[in-house]
Amino acid sequence: MLSRIKDLAAELAPRLIEIRRHIHSHPELSGEEFQTAAFVAGVLSSSGIHVEENVGKTGVIGELEGNGKDKRILAIRTDMDALPIQELTSLDFASRNQGIMHACGHDVHTTVGLGAAMILSQISQEITGKIRFLFQPAEEIAQGASWMVADGAMDNIDGILGVHVFPSIPAGSVGVRYGALTAAADDIEIIINGESGHGARPHEAIDAIWIAAQVITTLQQAISRTQNPLRPVVLSIGQINGGRASNIIADSVRLLGTVRSLHPESRAELPNWIENIVKNVCDTYDAKYQVNYRQGIPSVQNDIALTQILQSAAEEAWGGDRVQVLPEPSLGAEDFSIYLDKVPGSMFRLGVGFPDRKVNYPLHHPKFEVDESAIITGVVTFAYAAYKYWHMKS
């Protein structure tokens, strides 16, 4: 079956390049993937796959019936949205939409999902269960997966596979990771309230800016001394607002930031840990405070059995030397984790780096590019892993 899948992928390769370039040229922001979704639905329909549109607002579901011998359903998820970045590549098919770019590779993800669907539709009688293809909107704002789940996209699903491009891995290779792949991502708002006064007489006021600086410094220092260094935590304050004029002591400062963690136990303790530090600093200088901690998306925790299927599929297809077992997770976040609250799943890394280039620009960079030969690697890996799911999973 592997040789059949690879032959079909080779036949589809020119069409898949066309698909990817079309999507890349017409990027759409999160929740606005109307044209992308219509295009995806058309490709799926032309392959004889049952299509449901407007799932999770602008998402698309394609469902492929197997031969009916197994009642389980495997999901394959890819995402479709782009970023508010002005593209600075010199590609002939660069973004035609001002200030919007597929700088995170979702054009490749969508193409790989479509390619896998096109191939699997041609070998459907060898698939004993059903496959549900999820083309998700709004991953970049970490909302799309929740929208899809709310609209029933995960109903009756037994397992799910996903993919994300990785420019530090050369095209033609893939990476798999057992356990934690990405971090949980939470949002934090800290408001420091002091008392205003004249800039020349700070002792008569309570300086919210200075106290906010103490809060930031203390939080960063405390991470290294009170958090388990084997369970990484990253807290970054990305926005500070406060003050009215250069000669007036600020009476209020608002801090906004992100908190990343890998371990559920550490994550559960972070809201109280942060508030205690803020309270201690503010109490010392007679300031008042408010801490608003919002839990975002959890860590992607790859299932062992499904990761083994992905690894074995990639190794059989491309050779063991082109499959990396990744030793470290990323502190980036992925709302693929929302699906994993429902069923076991695994996401693999698809190498898209140019082997002969000294610099492969990172994700979210305006000059980010991918080696398009990676598309076939991703399509075959997805399709063959789906086939193996029914023949390996008990």
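Every number here is computed from the coordinates shown, using simple stated rules; none is lab data. Just so it is clear, the model here is predicted, and its values are computed rather than measured. Here the Cβ positions follow ideal geometry from the backbone for every residue, glycine too, while neighbour counts run over all protein chains shown.
What does the net charge come to around VAL259 if you take all other residues with beta carbon closer than 10 Å to its beta carbon, with K and R at +1 and D and E at -1? Before the final figure, lay out each step's value.
Details: positive: ARG260, ARG267, ARG294; negative: ASP186, ASP187.
The answer is +1.
Which residue fluctuates the most in the chain, going by a Gaussian network model with Cα springs under 10 Å, if the choices are LEU120, LEU16, LEU256?
LEU256
Collect residues whose amide H, placed 1.01 Å from N in the peptide plane, falls under 5 Å from the amide H of ASN302; neighbours closer than 5 in sequence don't count.
So ASN302 has HN proximity to GLY179, ALA180, LEU181.
Segment 287-394: which trypsin sites (Lys or Arg not before Pro) are DSSP loop and have at most 10 other beta-carbon atoms within 10 angstrom? Don't skip to the answer; put the middle values down first.
Working: sites: LYS288, ARG294, ARG322, LYS342, ARG349, ARG357, LYS358, LYS367, LYS388, LYS393; in loops: LYS342, ARG357, LYS358, LYS367, LYS393.
Here the sparse-neighbourhood loop sites are LYS358.
In nm, give the distance between the simple-model label positions of ASP70 and GLU269, each being 7 Å from the Cα along the Cα-to-Cβ direction.
4.1 nm
For segment 134-194, rounded, prolate or oblate, judged on the Cα gyration tensor with a ≥ b ≥ c (square roots of eigenvalues), a/c < 1.5 rounded, else prolate if a/b > b/c? Present the calculation step by step, with values, prior to reporting the outcome.
Working: a/c = 2.40, a/b = 1.30, b/c = 1.85.
The shape class here is oblate.
Using a Gaussian network for the chain with springs between C-alpha atoms less than 10 Å apart, which of these wobbles most: SER30, SER236, SER312?
Looking only at SER30, SER236, SER312, the biggest GNM fluctuation is shown by SER236.
Across segment 297-313, in residue order, what do the Karplus-derived ³J(HN,Hα) couplings come to in whole Hz, using 6.51 cos²θ - 1.76 cosθ + 1.60 with θ = phi - 60° and x for Gly and Pro?
9, x, 6, 6, 10, 6, 5, 5, 5, 6, 5, 4, 5, 4, 5, 5, 5
Given N residues in segment 9-56, what is Rg(Cα) / (2.2 N^0.38 Å)?
Values: Rg = 11.9 Å, N = 48, 2.2 N^0.38 = 9.6 Å.
Ratio of Cα Rg to 2.2 N^0.38 Å: 1.24.
Just add up the charged neighbours of ILE338: K/R +1, D/E -1, any other residue whose Cβ is under 11 Å from the Cβ of ILE338. Write down the numbers at each step before the final one.
On the way: positive: ARG77, LYS342; negative: GLU139, GLU334, ASP335, ASP341.
Residues close to ILE338 contribute a combined charge of -2.
In whole Hz, what ³J(HN,Hα) sequence does segment 74-88 give by Karplus (6.51, -1.76, 1.60; θ = phi - 60°), x for Gly and Pro?
9, 9, 10, 10, 9, 10, 10, 7, 10, 10, x, 10, 7, 5, 10
Quick one: which residues, 5 or more positions from GLU369 or on another chain, have an amide H under 5 Å from its amide H? H modelled 1.01 Å from N in the peptide plane, none for Pro or chain starts.
Answer set, sorted by chain and number: TYR361.
Show that you can apply the helix-only estimate: for the chain, add -39,500 (n - 2.57) for every DSSP H stretch of four or more residues, divide by all residues, and state [θ] at 222 nm to the nearest 500. Show your work: numbers first, answer last.
Values: 9 runs with 140 residues, N = 394.
It comes out at -11500 deg cm²/dmol, rounded to the nearest 500.
What are the ³J(HN,Hα) values, in whole Hz, obtained from phi via the Karplus relation 6.51 cos²θ - 1.76 cosθ + 1.60 with θ = phi - 60°, for each residue of segment 352-369 in sequence order, with x given for Gly and Pro?
Coupling constants for segment 352-369: 10, x, 7, x, 9, 9, 6, 10, 10, 5, x, 4, 6, 9, x, 10, 4, 9 Hz.
Determine which lysines satisfy two conditions relative to LYS288: a Cα distance under 27 Å, and not lying fewer than 8 residues away in the same chain.
LYS279
How many angstrom separate the Cα center of segment 38-81 from the Cα center of segment 96-120?
15 Å
Taking the Cα centre of segment 15-76 as the origin, how large is its charge dipole in debye, to the nearest 20, when only Lys and Arg (+1) and Asp and Glu (-1) carry charge on their Cβ atoms?
Approximately 260 debye in magnitude.
For the Cα atoms of the chain, what angle does the longest principal axis make with the long axis of helix 2-25, in degrees from 0 to 90, nearest 10?
Once rounded, the angle reads 50 degrees.
Label segment 1-106 by shape, choosing from rounded, prolate and oblate, from the square roots a ≥ b ≥ c of the eigenvalues of the Cα gyration tensor; if a/c is under 1.5 it is rounded, and otherwise prolate applies when a/b is larger than b/c, oblate when it is not.
oblate
Can you list the residues of segment 242-264 with backbone N under 13 Å from a point 7 Å past the Cα of GLU204, pointing along Cα to Cβ?
Backbone N within reach: 248-249.
Taking a ≥ b ≥ c as the square roots of the Cα gyration tensor eigenvalues, with a/c under 1.5 meaning rounded and otherwise prolate when a/b beats b/c, else oblate, which class fits segment 288-394?
Details: a/c = 2.64, a/b = 1.23, b/c = 2.14.
It comes out oblate by the Cα gyration axes.
Given a 10 angstrom Cα cut-off, can you work out which residue in GLY194, GLY238, GLY115 is the most mobile in a GNM of the chain?
GLY238
Given H placed 1.01 Å from N in the peptide plane, which residues other than close sequence neighbours of PHE348 have an amide H under 5 Å from its amide H?
GLY162, VAL163, HIS164
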